[in-house]
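Novice: One structure follows; several queries about it will come next.
No value in this document is a laboratory result; all are computed from the given coordinates. Keep in mind that this is a model prediction, so the values were computed, not measured. Here the Cβ positions follow ideal geometry from the backbone for every residue, glycine too, while neighbour counts run over all protein chains shown.
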Amino acid sequence: MTSTLGTTLVLGGLLAAAFGAVVGIEGGLRHRAGALKIVLGAVTAFLLCMLGANLTMVYALVTHDFSVHYVAQVGSRATPLVFTVVSLWSALEGSILFWGAILAVYVFAFARSHRNDPPTNPLLALGTMMAVAVFFAFLIAGPANPFGRVSPVPPDGPGPNPLLQNHILMVVHPPMLYLGYVGMVVPFGIAVAALLRGQLGDAWMAVLRRWTLIPWTFLSVGIVLGSWWAYAVLGWGGYWAWDPVENASFLPWLTCTAFLHSAMVQERRHTLKLWTVSLSLASFLLTILGTFMTRSGVFNSVHSFTQSEIGPTFLVFLGAVLVVSVFLIAVRGPLLVPEGTMGGVASRETAILVNNLLFAALTFTVLLGTLFPLVREAFSGVKISVGAPYFNRMAIPLGIAILFLMGVGPSLPWGRASPETMRRQFLVPAAVGLGVIILSLAAGLRGASTLLTFGLAGFVGTVTLREMLLPVRVRMREQGEAFPRAVWQSARRARRRFGGYVVHLGVVLVFVAIAASQSYVVHTTATLKPGERFQLGSYTVQMTGLRDGSDPHRRWTAAEVRVTDAGGREHLLAPRMNFYERSTDPIGSPAIRSAAFEDLYLTLLAFDQAGPSASFNAWIFPMVSWIWWSLPFFVLGALFAAWPERRRDRAGAAERVSVPSDARSPGAAA
Amino acid sequence: MTRRGLWIGLSLAAVTAVLLFVLAKGFGRDPHEVPFQLRGKPAPDFTLKRLDTGAPVKLSDLRGKPIVINFWASWCGPCKMEHPVLAMSAKRFGQEFQFYGVVFEDTEENARAFAGSPDPSFPQLVDERSRMAVDYGVTGVPETYFIDAQGVLRDKVAAPIDPRTMMEKLAALKQPAGPVSEVVR
Amino acid sequence: MTAWVLGLVLAAYAPQQAGSALLDPPREARVQALGKQLRCPMCQGLSIADSNSSAARAQMDKVRELVAAGKTDQQIRDYFTSRYGEWALLEPPASGMNLLVWLLPLALLVGGGLAIARTMRRPAVVASVPASKPEDRPPADDPYLEAVRAELRR
């Protein structure tokens, strides 16, 4: 019964999506005003069907209805309730179903907030989004159907993948990524609408920008959480391996970030339109490519738990979207004529244009590196590897250049900068940057690119803080406001700017953390008997004993150690080795002691019950926690930038739109 | 369509076509498969000692009869599961083929305890520091290697071996070596 | 059920020996550097220096042995590629078709840079749509003054 209900709802969703797609596109191209209401109805129907299907699946999981195919695949009576609900997205079919729900919510939210707009643009946008929804609904109804019936009904199931029950991060990381990935459909629809119409005005540009910021935020969170999980759980002390699926999430983030900056030029100078729209399309395309890479089984990756049959279907969809996008860019793109001009070489818009190029180059390089082994195998049958050394070698110079631009861009004005301006803007930050390098050298730190990163971080940090505090100082002086009020008022009136700079500060943190945690690692390995100890940096590690234990799905052995830090404080850690029935190698769990400026990271390499003795790997990673600490900066900055302002009647506002507008008032230094 | 549009369109279309071709070709290939370069080459020589007696065993002394070498470890579940297949094959075909087991990344005590539990129907060898395993290109356990009577490494199975695969590989081992060809997928 | 019992039996047998004893710092540094270049055969994309798996440890021991025996870096790399092919190297050697992966990004950067430089020099094509936004005002060359103006206007 559950199976039938679920399948019916999915099919209903498919029909609603198809209907909405056709009416939306057709109505948009023919400017049919009445069509918008119909499409809104279709979107609502799609939402109800998708939510219904998801709730049905959750119900089936919770009641352990093993007659449903997906429940038989990942359900288990032994699994705690939380993980039973979470197992909705623990395997392929369930996660695509979950996608469908998220997609429906996004599209519905968009439709609702634009229901009173001049209908043509929303119609085209919604039609496009519904067309994408058709594909996903088709996937759920067909190749990736979780609602199939299983007969005879098994009494119990294997439960979700044990790695997914290990750590709270695994509960949060996938949904965050889905919210980011799926959210890219909305800007895609908006951008396609602009191309179909051959115009991209200010109001529609603002819509495009706002609806990109939301998935961008989720994607950022998902990526950082993923790297945190890799660090805390996988036990090799790293957080980013340039694994194909990691790259798959990074690529759309790169183009999306570039888009957010390019959009500024679009709005202020009315140029770089084709760049901006292309970046928006690219973000969605890379999302689909990324999903293909994760799910097709074609790539060797940490994430390729499940090989699936949806690969070919996905490839066809990817091909279709690529062809449509290329066609639109080539044929309609040139219609997006710039209405303004670029400023001089030393201007903010030029800095952003160069930024676009750097991001495009980084995206291209990561994509090329990820696909290259496949290319070589396709053409010559030879298997090669393109791994971390390649990506680091290419990404570090590009990253440093981007970091440099982060300080240059905000310092330069729109339009043209005189030598006077340049000197005033750059003198102090450059001095700070240089000072940081000198201090680092004096402290004994070495490494050219690392020191350069630190120096640039000082440079960029100074620029960013100055740009944030500048209007604060003016307010305090001109209007006699106290510091806290001045900060709040300035921020409130320039949300995007302020929020953007907060995010920049977070990025600076990440750069510094990565540079320090890669360059100044201290490592040792030692075998101890109980009572013996070894020294690493300012820490003394003493083994106290071995301990065994078991969980429902695994057995483990832990080596208990007592760590004494520089201040004499003691901490008890227990790195572990876990034995799962299905894997040939045991999987280690590291023990981490996080201090403010460094982490002590211990793993258990081997042990001997007879000794007893244990062998350890120990590292000190400086500054690595700062990567996770950057998350609040990303989230708060983006939230602040995206928060809708109170609607104000604007002098000179031509259209009456219901979009909460956050375009700058005339003359604002946004 | 403008000229600029045409240029953009053509270059993007070309890239798209290459991308789709490359991705489509990826289907059917196993991304986890590790290349086996020593196929058709003489098996690297080794001198290991037997687990039970400590007597040395040299590969060059074993020429004349085809050899089957199985790598395993005490901490490897699937190794224990495949062991009966090897034991049975050793019993049945011990006249025509020589079966040896090599302990991988493990201590002698552990190996002895593990090998003791099913009866050791074929000799187990100790590989100190897994030198010989790395020499053979072992990527993990269990793995089984097939060497013909002339000492040429013919094939390997990088997974727990089942009876049917074992029969196929043994039969192939008796055939003379063909010309060295590309890895057959 | 059998798997569970198996698990019980397994845990009683400790896995793995630790790696071989480290060499003196200069040579151990070579071992680690080489280890970062070689791919662990049963992990997903990790180097043998980073991976904790048994195969990786065995290979690191082999690297250590070869370094101690006086082999050069290239000889050690060749040892592994003769067993696993070019696949064993995490950075594709810059020869033959592999040059593409090294040169194409560079070409994109240079080409893109040139294109931008050319666009900057050419006079821009401006549409006849009147820009109502006051970007028409004279180029602001003093962001501080502009900020002040903006604040006072509120």
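Novice: Going highest first, how would you order A:314-322, B:75-83 by mean Cβ packing within 10 Å? Don't jump to the answer; show the numbers that get you there.
Specialist: On the way: A:314-322: 18.7, B:75-83: 21.0.
The most tightly packed comes first, giving B:75-83, A:314-322.
Novice: Per-residue mean of other chain beta-carbon atoms within 10 angstrom of the beta-carbon, peptide B:133-143?
Specialist: Numbers: counts 5, 13, 3, 1, 7, 7, 11, 11, 5, 1, 1.
Per residue, the average neighbour count from other chains is 6.
Novice: Beyond a 20 Å Cα-Cα separation, which of these cross-linked pairs lie in this structure: B:Lys91/B:Lys174; B:Lys41/B:Lys91; B:Lys41/C:Lys71; B:Lys41/B:Lys156? Mind dumping the intermediate values first?
Specialist: Working: B:Lys91/B:Lys174 18 Å; B:Lys41/B:Lys91 28 Å; B:Lys41/C:Lys71 23 Å; B:Lys41/B:Lys156 13 Å.
As for pairs spanning more than 20 Å Cα to Cα, those are B:Lys41/B:Lys91; B:Lys41/C:Lys71.
Novice: I need the calculated FRET efficiency for the pair C:Ala107 and B:Glu109, taking r as the beta carbon distance and R₀ as 41 Å, to the nearest 0.05. Provide the component values of the computation, followed by the final result.
Specialist: Working: r = 59 Å, r/R0 = 1.43.
That pair, C:Ala107 with B:Glu109, gives E of 0.10.
Novice: In whole Hz and in residue order, list the ³J(HN,Hα) couplings for segment A:192-198 that follow from phi through the Karplus curve 6.51 cos²θ - 1.76 cosθ + 1.60, θ = phi - 60°; x for Gly and Pro.
Specialist: Result, rounded to whole Hz: 4, 4, 4, 5, 4, 7, x.
Novice: Related question: At R0 = 30 Å, how high is the FRET efficiency between C:Leu99 and C:Ala29 if r is their beta carbon distance? Nearest 0.05 is fine. Could the numbers behind the result be given before it?
Specialist: Numbers: r = 30 Å, r/R0 = 0.98.
E(calc), rounded to 0.05, equals 0.50.
Novice: Filter chain B for me: DSSP H helices, axial length by Cα at least 27 angstrom, mean Kyte-Doolittle hydropathy not below 0.5. List them by residue number. Display every interim value, and only then the final one.
Specialist: Working: long enough: B:3-25 (33 Å, 1.47).
Passing helices, by number: B:3-25.
Novice: Quick one: Debye curve from the C-alpha atoms of chain A, no solvent, what's log10 I(q)/I(0) at q = 0.09, 0.12 Å⁻¹?
Specialist: After summing over all Cα pairs, the log10 values are -0.87, -1.40.
Novice: If you don't mind, there's one more thing I want to ask. Taking R0 as 45 Å, what's the FRET efficiency between C:Ala117 and A:Met1 from their Cβ-Cβ distance, rounded to 0.05? Each step should come with its number before you reach the end.
Specialist: Numbers: r = 68 Å, r/R0 = 1.50.
Calculated value: 0.10.
Novice: Amide H of A:Thr544: which non-local residues (sequence gap of 5 or more, or other chain) have their own amide H closer than 5 Å, using H built in the peptide plane?
Specialist: It is A:Gly531, A:Glu560, A:Val561, A:Arg562, by chain and number.
Novice: Also, I was wondering about something else. Mind listing the phi-derived Karplus ³J(HN,Hα) values for segment A:515-524, rounded to whole Hz, using 6.51, -1.76 and 1.60 with θ = phi - 60°, and x for any glycine or proline?
Specialist: Running phi through 6.51 cos²θ - 1.76 cosθ + 1.60 with θ = phi - 60° gives 4, 5, 6, 8, 8, 10, 6, 10, 9, 8 Hz.
Novice: In sequence order, what are the phi-derived ³J(HN,Hα) couplings for segment C:64-80 according to the Karplus relation 6.51 cos²θ - 1.76 cosθ + 1.60 with θ = phi - 60°, rounded to whole Hz, with x for glycine and proline?
Specialist: 3J(HN,Hα) across segment C:64-80, in whole Hz: 4, 5, 5, 5, 5, 7, x, 6, 7, 4, 5, 4, 5, 4, 4, 4, 6.
Novice: Let me ask another. Is the shape of segment B:47-174 rounded, prolate or oblate, going by the alpha carbon gyration tensor and its root eigenvalues a ≥ b ≥ c, with a/c under 1.5 for rounded and a/b larger than b/c for prolate?
Specialist: Values: a/c = 1.40, a/b = 1.20, b/c = 1.17.
Verdict is rounded for segment B:47-174.
Novice: Within 10 Å of each Cβ in B:36-45, how many Cβ atoms from other chains are there, averaged over the peptide? Mind dumping the intermediate values first?
Specialist: Numbers: counts 3, 9, 3, 0, 0, 2, 0, 0, 1, 0.
Mean shielding count: 2.
Novice: Remind me, relative contact order of chain A in percent, using alpha carbon pairs under 8 angstrom and six or more residues apart? Please report the intermediate quantities before stating the final value.
Specialist: Working: 1121 pairs, mean separation 69.5, N = 670.
Relative contact order for chain A comes out at 10 percent.
Novice: Here's a follow-up. Taking a point 7 angstrom from the Cα of A:Leu55 along the C-beta vector, which residues in segment A:3-26 have backbone N less than 20 Å away?
Specialist: It comes to A:3-17, nothing else.
Novice: Which residue fluctuates the most in chain B, going by a Gaussian network model with Cα springs under 10 Å, if the choices are B:Val34, B:Val57, B:Val141?
Specialist: B:Val34
Novice: Then there is this: Taking amide H positions as placed in the peptide plane 1.01 Å from N, state which residues far from C:Lys71 in sequence (5 or more) or on other chains have amide H under 5 Å from it.
Specialist: Amide H neighbours of C:Lys71, under 5 Å, 5+ apart: none.
Novice: In addition: Between B:Leu19, B:Leu125, B:Leu86, find the one with the highest GNM mean-square fluctuation for chain B; connect C-alpha pairs within less than 10 Å.
Specialist: Looking only at B:Leu19, B:Leu125, B:Leu86, the biggest GNM fluctuation is shown by B:Leu19.
Novice: Using modelled backbone amide H atoms (1.01 Å from N, in-plane), which distant-in-sequence or interchain residues come within less than 5 Å of A:Arg555's amide H?
Specialist: The list, which skips near neighbours in sequence, is A:Phe579.
Novice: Evaluate the charge dipole of the protein assembly as shown about its Cα centre and quote only its size in Debye, nearest 20, assuming +1 on the Cβ of each Lys and Arg and -1 on the Cβ of each Asp and Glu. Don't skip to the answer; put the middle values down first.
Specialist: Working: 90 positive and 68 negative charges, 640 e Å.
Result for the protein assembly as shown is approximately 3080 debye, rounded to the nearest 20.
Novice: Under 13 Å Cα to Cα from A:Lys529, which aspartates and glutamates show up? Leave out anything in the same chain fewer than 8 places away.
Specialist: Partners found: A:Glu560, A:Asp608.
Novice: Loop-only check: which GluC sites (Glu not before Pro) in segment A:308-350 are DSSP coil with at most 15 other Cβ within 10 angstrom? Intermediate values should be presented prior to the final figure.
Specialist: Details: sites: A:Glu309, A:Glu339, A:Glu349; in loops: A:Glu309, A:Glu339.
The qualifying sites are A:Glu309.
Novice: Using a 4.7 Å cut-off between beta carbons, which cysteines in the protein assembly as shown end up with no partner cysteine at all?
Specialist: A:Cys49, A:Cys256
Novice: Using a Gaussian network model on chain B with a 10 Å cutoff between Cα atoms, which of B:Leu153, B:Leu173, B:Leu59 fluctuates the most?
Specialist: Ranking B:Leu153, B:Leu173, B:Leu59 by mean-square fluctuation puts B:Leu59 first.
Novice: Additional query: Quickly work out the B:Arg92-to-A:Val153 label distance, labels modelled 7 Å from Cα along the C-beta direction, and quote it in nm with one decimal.
Specialist: 4.3
Novice: Please state the shape class of segment C:19-88: rounded when a/c is under 1.5, otherwise prolate if a/b exceeds b/c and oblate if not, all from the C-alpha gyration tensor. Don't jump to the answer; show the numbers that get you there.
Specialist: Numbers: a/c = 1.90, a/b = 1.24, b/c = 1.53.
It is oblate, given that a/c is not under 1.5 and a/b is not larger than b/c.
Novice: Hey, what's the Kirkwood Rh for segment B:29-121 if you take every pair of different alpha carbons, in angstrom?
Specialist: Values: mean 1/r = 0.0668 Å⁻¹.
Every distinct Cα pair counted, the radius reaches 15.0 Å.
Novice: What share of the DSSP beta bridges in chain A is antiparallel, in percent to the nearest 5? List each step's numbers first, then the result.
Specialist: Working: 49 of 49 bridges.
Antiparallel: roughly 100 percent of the beta bridges in chain A.
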